[in-house]
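> Below is one structure. I have some questions about it.
The values are calculated or read from the model by the stated rules, or taken from the named source; none is laboratory data. These numbers come from a predicted model, not from an experiment. As a convention, Cβ positions derive from the backbone with ideal geometry for all residues, glycine included, and neighbour counts pool all protein chains shown.
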Amino acid sequence: MAIDTAQTLRGALAGAVAAGVWAAQQPLDKRVFGIDYDDTELLGKLVTRRTVPARLVGTAIHLANGALFGAVYANVAPRLPLPSWARGPAAALAENFGTWPLAAVSDRVHPAREDLPALAGNRAALAQATWRHLIFGVVLGELERRLNTPSDAEVPSYEHVISSNGHGSLEHAVRSP
């Protein structure tokens with residue numbers, strides 16, 4: 001599989017932006033889900049225990065993680081057997097559920113585990129992480145698609161599967177292939 005450097009860099013940019021959106025909305029979802037779980041704090045407190053530097057360092061690590069994920073995604077997404085709108089969310093949710101069991105490890109070995117909420121077995125924290133990954137995936141998928149679609153390529157249209165009432169097209173659902 002050949003790696004296109006420009007495509008990879010655009011994917012990294014999309015991933016960093018998506019991670020920024022994730023981090024920016026965390027204060028809201030902490031209130032909605034009722035848990036003080038903050039990914040930037042979790043990452044930052046791996047390096048420093050002071051709150052302000054931890055959030056800054058954690059945000060930098062979080063953006064770098066998003067960029068790395070986006071770079072890989074940009075090279076893998078075109079090969080996924082899914083419609084373009086579903087690729088980003090599917091990849092992000094797969095990563096969420098694939099890595100969530102590591103929360104138990106974090107609860108036991110994180111250097112600041114006393115200052116952080118316990119995540120393992122916490123359904124609200126899992127729901128919150130799932131929400132965050134869904135947001136990340138939607139932003140990543142759409143931004144990466146827009147950045148990496150060649151200007152002369154036809155942009156996919158999904159109008160054939162929807163109707164004006166927003167519930168789908170009956171003709172598309174019953175049409176034989």
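> So, of the residues in region 50-63 that are hydrophobic (A, V, I, L, M, F, W, C) and without any contact (Cβ under 8 Å) to a residue 12 or more places away in the chain, which turns out to be farthest from Ala112 (Cα to Cα)?
So the residue we want is Ala60.
> Filter region 32-63 down to residues that are farther than 21 Å from Ala125 by Cα and in a loop (DSSP other than H, G, I, E, B), then give me how many there are.
The qualifying residues number 4.
> Would region 88-109 turn up any residue that is at pLDDT below 95, under 24 Å from Leu9 (Cβ atoms) and either exposed (fewer than 15 other Cβ atoms within 10 Å of the Cβ) or not polar (S, T, N, Q) (or both)?
No, every residue in region 88-109 fails to be at pLDDT below 95, under 24 Å from Leu9 (Cβ atoms) and either exposed (fewer than 15 other Cβ atoms within 10 Å of the Cβ) or not polar (S, T, N, Q) (or both).
> Which residue out of Ser84, Ser164, Ser157 is of a type outside the set (A, V, I, L, M, F, W, C), at pLDDT below 95 and in contact with a Pro (Cβ under 6 Å, 6 or more places away or on another chain)?
Ser84
> Only one of (1) surrounded by 13 or more Cβ atoms within 10 Å (Cβ to Cβ); (2) more than 19 Å from Asp38 (Cα to Cα) fails for Pro81. Which number is that?
(1)
> Continuing with this model, one more query. Scanning region 69-87 for residues that are touching a Lys or Arg at 6+ places or on another chain (Cβ under 7 Å) and touching a residue at least 24 places away in the same chain (Cβ under 8 Å), which turns out farthest from Arg10 (Cα to Cα)?
Checking each candidate, the answer is Ser84.
> Go through (1) assigned to a helix (DSSP H, G or I); (2) farther than 30 Å from Leu9 by Cα one by one and return the number of the condition Gly66 breaks.
(2)
> Further, regarding this structure: Restricting attention to region 1-15, and to residues there that are among the hydrophobic types (A, V, I, L, M, F, W, C) and surrounded by fewer than 17 Cβ atoms within 10 Å (Cβ to Cβ), which single residue is nearest to Leu80 (Cα to Cα)?
Checking each candidate, the answer is Met1.
> Something else: Taking only region 42-66 into account, find how many residues are within 21 Å of Leu93 (Cα to Cα) and either of a type outside the set (A, V, I, L, M, F, W, C) or surrounded by 19 or more Cβ atoms within 10 Å (Cβ to Cβ) (or both).
7
> Right, another one. Inside region 69-106, can you point out the residues that are assigned to a loop (DSSP other than H, G, I, E, B) and either more than 15 Å from the chain's Cα centre (by Cα) or more than 22 Å from Pro117 (Cα to Cα) (or both)?
Result: Leu80, Pro81, Leu82, Pro83, Pro101.
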